[in-house]
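What follows draws every value from the coordinates through simple rules; no lab data is involved. Everything numeric here is computed off the predicted structure, so don't read it as measured data. Glycine also receives a Cβ, built like all others from the backbone with ideal geometry; neighbour counts cover every protein chain displayed.
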Amino acid sequence: MVDTIMWSLIVFAARIVDVSLGTIRVNMIIRKKKIIAALIGFVEVTIFISVIVRIIKNVDNIYGILAYGAGFAVGTIVGIIITEKFTRDLVSTNIISRKSNNGIKDLLLKEGFAYTCYKGTGRQGEVEIINVVCSHTSLPKLNKLVHDKDSRAFVVSHMLDKTQGGFIRGLKKK
């Protein structure tokens, strides 16, 4: 029984590592870091094959199967957390508020966000668009600030690939 529990824990831990590596590998592929992605993939698959062989040899061991599934679930979360900690993704957010543009702009400046405004035309006529570029880690704070000022504001964000110059909240200057 001790052997079964010990192997189940090893399967659980190995699965956390290999799924976390998989998440990081996908992130490296998106960033076009081929060599790093390939090396991570090598380690990931080596761990995966080692674990799956153990599970197949003892397919009647329910603890090993549960540890395999649980390791996958926890590994997914761990991989996302690791990726978020080491990424410097930038987000561009457009904000359109029918009632609180000036209040939102004042609040953004007070909280350290820079912005650029431009005019647009929408379904109901002319609008002012507030654009904020910030790190992905600052996005929840930005969304909360806007929502607290105008819960009906239209807010849309997208990831940026490359930037140059300007002020970006949440990024340290090199």
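With viscosity set to 1.567 mPa s at 4 °C, what whole-number translational diffusion coefficient in µm²/s follows for the chain from Stokes-Einstein and a Kirkwood radius over Cα pairs?
Working: Rh = 19.4 Å.
Diffusion coefficient, whole number: 67 µm²/s.
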Sort His158, His147 so the one with the fewest other Cβ atoms within 10 Å of its own Cβ comes first. His158, His147
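Please list the equivalent ellipsoid semi-axes of the stretch 2-86, computed as the square roots of five times the alpha-carbon gyration tensor eigenvalues, in descending order and whole angstrom. Can you show the working numbers first?
Values: eigenvalues 140, 35, 13 Å².
Working through the eigenvalues yields semi-axes of 26, 13, 8 Å.
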Length-normalised contact order of the chain in % [C-alpha pairs under 8 Å, at least 6 apart]: 23
Using amide H atoms built 1.01 Å from N in the peptide plane, name the residues 5+ places from Leu160, or on other chains, whose amide H lies under 5 Å from its own. Leu90, Val91, Ser92
Taking only Cα atoms and a 10 Å spring cutoff, compute GNM fluctuations for the chain and point out the largest among Asn27, Asn58, Asn131. Asn58
What is the fewest-to-most order of Ser50, Ser20, Ser100 by other Cβ atoms lying within 10 Å of their Cβ? Ser50, Ser100, Ser20
